[in-house]
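Take a look at the structure below.
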Amino acid sequence: MNNSNTNKAKKQQSKETIKKQIKSSISGKLRRYFAKTVETATDEQIYKACAMTVRDEIMDKWAKSRENLESGNQKELYYLSFEFLIGRSLANNIMNILKTEVYSEALSEMGLDLSKIEEVENDAGLGNGGLGRLAACFLDSLSTLELPAFGCGIRYEYGLFKQKIIDGYQVEMPDPWLESGNAWEIERPEDSVEIHYNGRIEEYYEDNRMKFRHVDYNTVIGEPYDMPISGYDSKLVNTLRLWRARSPQVINMAEFNRGDYAMAVKDKELAEVVSQILYPEDNHYEGKLLRLKQQYFFVSATIQWILAKQKRRGHNLCDLPKYVQIHINDTHPTIAIPEFMRIMMDDEGFGWDEAWDIAQKIFAYTNHTIMCEALERWPVSMVETLLPRVAMIVKEIDRRQRLFLGEKFGGDAAKIDYMSVISNGNVNMANLCLTTCHSINGVAELHTEILKKETFRDYYSVYPEKFKNVTNGVTPRRWILKANPKLAGLISDAIGDSWIKNAEDLKNLEKFAKDEAFKEKFAEIKCENKKKLAKYIQKANGITIDPNSLFDVQIKRLHEYKRQLLKVFHIIYRYKMITENKEQASLLPETFIFGAKAAPGYHTAKLIIKLINNVAEVVNNDPRVNDILKVVFVENYSVSIAEKIVAAANLSEQISTAGKEASGTGNMKLMLNGALTIGTMDGANVEISRLVGSENIYIFGLTAEETSNIYASGRSGSGEVYSQNAVVKMVVDSLIDGTFSKNNQDLFQELYRELVFGRNGFSDQYLLLRDFAAYLDASHSAAKDFVNPGLWNQKAIINVSKAGYFSSDRSIEDYNRQIWKLEKL
Ligand code: 26Q
């Protein structure tokens, strides 16, 4: 045998050995943990046996990573986030250890199917949308790039609600994702800490210094659970540490002995609700006490843990900036700043100036929204009652900041108030971040510009050097390799597989955009993915869709600014044109696919879901359009459902009112999978458009500058559009003429009234009518291109080839170079 044959044989042999190990581990676990065999085990037990087998493989690397960090002097990142939208882990972890093929084969030799086993796992849905999923992509990249980092958050007992559609309405169901256990987490009771609420502060003197003592407080125990975060082909396994709230008391024995069993467990329940639920509002602030409790809970636990660890390692806390960076993911964990000050001063004996100096060096902040309804402002009185010592510190930060601002801006009281940490009886969390953090960043170029020029203009004038842009990204491992393995295979066959870790290499695909053979294979894969999604939709919705139709996809949280309603108007328009014989019915078959959850208390968003479903009902059951239009609302949009949809999409809807979407990341996932974007010049669309060129994207509508001028003018101008544009009028009127609300003509009145009359003299807040005509044109251009597969596929391939920039690896490298300055392990 020649050399290469021997190598091949060796590889084959070792593959056989690995398969054998996998098989024996799985059957061993079934036996030891469940007293079952492959033949008798339930799906659940098989899944668990697989997960435990994979976990064993990761454990060793995880332990080594820990030991390395413990003994080294490396700087570590703590990424504090209220949300981590991880999704499933089994297949992702198998992929990361490069064993997808051996596992698939080993399982199939046991008569099992990895793709089915994978579906047993509950999504870890510990987030609402973009911000939470971004945190998950970032963890993947940090591990892949071998940068030492910890994700820190809350171990919610219930993830984001499950969505059922009943009679067209969203109905929320709990998501007890931990009910049957979590194979990936490890409880670390040894690292439990106490968190103190309420009570009073006593002053006393020690060594001639005034000191503060917190007394009469209520205690909640924070108990950490760690999940391993593997990276792709990486030695480093990072940790996601999620805190669970526990009561210090098992039960109240006094009540128990009195026979009042309900009262006996009440305190315990009250303490433990802290980590029970994830707030389902996205981009919307409500000053709920429990939310503030949650914020302080995980942030205090995390800071205590960080400092204890540094001390254990023998580090002087003065040197903290050498060893620690703490990232604040939106303002939600901001209370970490005064909590850090509190511990440094009250427990570690630092003076204000020293502690403040360190705080300024270790904290960095990312802003994810400019929607004012999302900006957090907590009533001072609430902070005082719940966190009396933290409130004192916040007031002192405010006092000092006001002195500083006073020197800068003299008598401009309004400006000083606007910039202060406390004003009108509220703690302004963004201002607390802006004052303290050494770095402030937006999540796309346009967004960062808006922060500098508008939202945080005054702070930008004081600290221009703090402001940075880091455009978001998504992990190409989960979002192509896992979600679209066939496309990943085709790409690797063409350009090699370096793109998996160096996504910029996708640019080498560009030369295949005109290669007929490649284009054909590319189209075939898209078609197979569409068939697969069609099958899912058939089963889930009972709707038959045509895999040859244009799959036009809008998947994201339901929010008025994201303008799902504008998409609906386009559908209504097409429906009307066909049924009224105004359009060549044969033009183009289209399938409109929506996936979206609405916050349970967001009435208008829920009404839009009902409208989508009513339009679907009418359109899907009208024989006149039946071969041409289909509308599908996919229930319970989640990470796992997103993975199914992105691979099958042709057209990606990114149609927010310009200036409102900070970045968007769904746009990136869809682009990576060869969908073309139809969108406004908003968020990262601006960068997508620059990269692919105007001929490979369908851009329309008002710019951010134009929308900003319209808002400033106080008039939307939508009234004129409505009265002058017959098409707009026709579509808008269909909301109230019973076409889509047979039994209740009033059902969509509110949507109609907002567009035509508005509130406080401003109608159509999100400027749908102003953009409608341009949107129709852009949709028409897309449809025209789609009927020419040669052209369409060329454009799609160019989109994939330019998507490398939107890898979260690039985002993380940007953060690291500009902000954290960590070293690779
Ligand atoms: C705040 C206070 C009280 C209750 C809830 C909240 C809250 C919760 C979630 C506020 C905001 C969020 C989520 C925001 C979010 O997901 N923003 C998105 O972040 C993405 C990642 O940067 C961007 O791509 C999106 O443009 C942005 O909307």
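Per-residue answers, yes or no, for (1) farther than 20 Å from Asn673 by Cβ; (2) among the hydrophobic types (A, V, I, L, M, F, W, C); (3) not in a helix (DSSP H, G or I):
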{"residue": "Glu520", "(1), (2), (3)": "no, no, no"}
{"residue": "Ile537", "(1), (2), (3)": "no, yes, no"}
{"residue": "Arg574", "(1), (2), (3)": "yes, no, no"}
{"residue": "Ile578", "(1), (2), (3)": "yes, yes, no"}
Check your understanding: Quick one: Ala649 ticks every box in (1) within 13 Å of the ligand (Cβ to nearest atom); (2) open to solvent by less than 10 Å² (accessible area, probe 1.4 Å); (3) not β-branched (Val, Ile, Thr) bar one, so which box is it?
Key -> (1)
Practice item. Check region 174-184 and report whether any residue there is within 16 Å of the ligand (Cβ to nearest atom), open to solvent by 40 Å² or more (accessible area, probe 1.4 Å) and out of contact with any Lys or Arg (no Cβ under 9 Å at 6 or more places or on another chain). Key: no
Point to revise | Top-ranked residue of region 606-646 - restricted to ones that are within 16 Å of the ligand (Cβ to nearest atom) and in a helix (DSSP H, G or I), ranked as surrounded by the most Cβ atoms within 10 Å (Cβ to Cβ) | key: Val646
Check your understanding: Restricted to region 778-825, and to residues that are among the charged types (D, E, K, R) and closer than 19 Å to Gly664 by Cβ, which residue is most open to solvent (accessible area, probe 1.4 Å)?
Key -> Lys802
**Study point:** So Lys61, is it more than 16 Å from the ligand (Cβ to nearest atom) and in contact with a Leu (Cβ under 6 Å, 6 or more places away or on another chain)
**Key:** no
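Going through region 46-82 one residue at a time, which ones are acidic (Asp, Glu), farther than 25 Å from Leu30 by Cβ and open to solvent by 10 Å² or more (accessible area, probe 1.4 Å)?
Those that are acidic (Asp, Glu), farther than 25 Å from Leu30 by Cβ and open to solvent by 10 Å² or more (accessible area, probe 1.4 Å): Glu67, Glu70.
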Exercise for review: State the number of residues belonging to region 297-328 that are in contact with a helix residue (DSSP H, G or I) (Cβ under 7 Å, 6 or more places away or on another chain) and within 16 Å of the ligand (Cβ to nearest atom).
Suggested key: 3
Review point. Inside region 376-400, can you point out the residues that are away from the ligand (no atom under 16 Å from the Cβ) and open to solvent by less than 10 Å² (accessible area, probe 1.4 Å)?
Key: Leu387, Val390, Ala391, Ile393, Val394, Ile397
Practice item. Could you grab me the full set of residues in region 442-482 that are touching an Asp or Glu at 6+ places or on another chain (Cβ under 8 Å) and among the polar types (S, T, N, Q)? Key: Asn469, Thr471, Thr475
Practice item. With the condition kept exactly as written, say whether any residue in region 247-255 is on the phi < 0 side of the Ramachandran plot and either assigned to a strand (DSSP E or B) or in contact (Cβ under 8 Å) with a residue 40 or more places away in the chain (or both). Key: yes
Practice item. State all residues of region 663-693 that are in a loop (DSSP other than H, G, I, E, B), of a type in the set (A, V, I, L, M) and either open to solvent by 20 Å² or more (accessible area, probe 1.4 Å) or away from the ligand (no atom under 16 Å from the Cβ) (or both); if no residue qualifies, say none. Key: Ala675, Met681
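Within region 353-375, count every residue that is open to solvent by 30 Å² or more (accessible area, probe 1.4 Å), closer than 22 Å to Cys152 by Cα and more than 16 Å from the ligand (Cβ to nearest atom). Walk me through how you get there before you give the answer.
Narrowing region 353-375 to residues open to solvent by 30 Å² or more (accessible area, probe 1.4 Å): 353-354, 356-357, 360-361, 370, 372-373, 375.
This time we only want the ones that are closer than 22 Å to Cys152 by Cα, so: 360-361, 375.
Now drop any that are not more than 16 Å from the ligand (Cβ to nearest atom), which leaves 360-361.
Qualifying residue count, region 353-375: 2.
Matching residues to (1) aliphatic (A, V, I, L, M); (2) more than 16 Å from the ligand (Cβ to nearest atom); (3) within 30 Å of Gly601 (Cα to Cα):
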residue: Asn502; (1), (2), (3): no, yes, no
residue: Glu510; (1), (2), (3): no, yes, no
residue: Asp515; (1), (2), (3): no, yes, no
residue: Lys519; (1), (2), (3): no, yes, no
residue: Glu524; (1), (2), (3): no, yes, no
residue: Ala534; (1), (2), (3): yes, yes, no
residue: Ala540; (1), (2), (3): yes, yes, yes
residue: His559; (1), (2), (3): no, no, yes
residue: Lys562; (1), (2), (3): no, no, yes
Check your understanding: Of these, Gly159, Gly199, Gly130, which one is under 18 Å from Lys597 (Cβ atoms) and touching a His at 6+ places or on another chain (Cβ under 8 Å)?
Key -> Gly130
Review point. Can you pull out the residues in region 93-138 that are open to solvent by less than 30 Å² (accessible area, probe 1.4 Å), farther than 15 Å from Ala51 by Cβ and more than 16 Å from the ligand (Cβ to nearest atom)?
Key: Val102
Point to revise | Residue pairs meeting the criteria (Cβ under 6 Å; at least 6 apart or on separate chains; first open to solvent by 30 Å² or more (accessible area, probe 1.4 Å), in region 453-466; second in a helix (DSSP H, G or I)) | key: Tyr460/Lys452
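The values are calculated or read from the model by the stated rules, or taken from the named source; none is laboratory data. All of these numbers come straight from a predicted model, not from anything done at the bench. Please note: Cβ atoms are built from the backbone with ideal geometry, for glycine as well, and neighbour counts cover all protein chains shown. For the accessible areas, the whole protein counts, side chains as well, though only heavy atoms, and no ligand, DNA or RNA atoms are used. Shrake-Rupley method; radii C 1.70, N 1.55, O 1.52, S 1.80 Å.
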